[in-house]
Every structure is written in C-alpha cells, then in structure tokens.
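The values are calculated or read from the model by the stated rules, or taken from the named source; none is laboratory data. None of the values given here were measured: they were computed from a predicted structure. All Cβ positions, even for glycine, are placed from backbone atoms using ideal geometry, and neighbour counts span all protein chains on display. Heads up: the accessible areas ignore ligands, DNA and RNA and are worked out on the full protein's heavy atoms, side chains in. Shrake-Rupley method; radii C 1.70, N 1.55, O 1.52, S 1.80 Å.
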Amino acid sequence: QVQLVESGGGSVQAGGSLRLSCAASGRTFSNYVMAWFRQGPGKEREFVAAINSGGRTYYADSVKGRFTIARDNAKNTGYLQMNNLKPEDTAVYYCSAGMWVTITNLRTYNYWGQGTQVTVSS
C-alpha cells in the first residue's frame, strides 16, 4: 500500500504560482510512476502531468510550459510547480501513484490522495 497526502493548494489570481506537494508513505515510492490529475467543477477528472521512476516527465498539452512535475525520492515526495495560472486551472488536484500504468489513464493508477483545491481568479 502507498498512502498519498497532497498539500499546497489555495487561491491565487491569474498569472500567479502555486506549488503542490504529495507526501508518500508505505511501499518504496521511487518504484512508482507518480502523477497529478485534476477535476474542475462539473468536469471529469483529467490528466495533468506524470513522472516515472527514471525521471521522465509527461504533460497535458494544456499545461506544457507552465507546470513542472518533479520528485524527491529521498523525501518520498512529489511536486507540481504551477506557474502562470489561469482561471481554467481551477480544480481539485489529486496525486496518484501506480506501478504499471498507462500514463494518462487514471484507471490504471492504484493509489490516490484526497485532493487539494486550487482556485484561480481572473
């Protein structure tokens, strides 16, 4: 089992920045793909970014160039740096982890955090 706890959400104005953290406990975090998904009001949960055990990163087109995913395996923590935030980034952001995943398919991730709210005002 892997337990995930997100933090760092909040309210910002458009153009601002936030950094989300995902603290993992349980099994060896470094072996897992870690990803961030988000669910906006009235929308389905969607892929945002992922990083595999080797450090390769993947991004949704909507966040490329603005968001950066990273991980610190020594601290069992993942991060999502979000810059130049837009109102359409408003959502609950979820950290997830999985061993054998299809990167953008949320159904292939085994472990999920409780989510953290990000609100971007115009």
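Let's see how each residue does on (1) open to solvent by less than 60 Å² (accessible area, probe 1.4 Å); (2) part of a strand (DSSP E or B); (3) touching a residue at least 40 places away in the same chain (Cβ under 8 Å):
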residue: Gly15; (1), (2), (3): yes, no, yes
residue: Ser21; (1), (2), (3): yes, yes, yes
residue: Arg38; (1), (2), (3): yes, yes, yes
residue: Val48; (1), (2), (3): yes, yes, yes
residue: Gly54; (1), (2), (3): no, no, no
For residues that are assigned to a strand (DSSP E or B) and in contact with a Leu (Cβ under 7 Å, 6 or more places away or on another chain), scanning just the range 97-118, find the one that is surrounded by the most Cβ atoms within 10 Å (Cβ to Cβ). Ala97
When you go through (1) buried (at least 22 other Cβ atoms within 10 Å of the Cβ); (2) without any contact (Cβ under 8 Å) to a residue 12 or more places away in the chain; (3) not acidic (Asp, Glu) one by one for Tyr59, which number turns out not to apply? (1)
Looking only at the range 68-96, filter to residues that are among the charged types (D, E, K, R) and surrounded by fewer than 18 Cβ atoms within 10 Å (Cβ to Cβ); which one of those is farthest from Phe47 (Cα to Cα)? Lys75
In the list Glu44, Glu88, Glu6, which residue meets the criterion of being closer than 19 Å to Gln117 by Cα and without any contact (Cβ under 8 Å) to a residue 12 or more places away in the chain? Glu44
Residue that is nearest to Ile69 (Cα to Cα) [pool: residues in the range 1-13 that are open to solvent by 30 Å² or more (accessible area, probe 1.4 Å) and in a strand (DSSP E or B)]: Ser7
Matching option when the condition is touching a helix residue (DSSP H, G or I) at 6+ places or on another chain (Cβ under 6 Å), small (Gly, Ala, Ser), surrounded by fewer than 16 Cβ atoms within 10 Å (Cβ to Cβ) and at pLDDT below 95, among Ser30, Ser25: Ser30
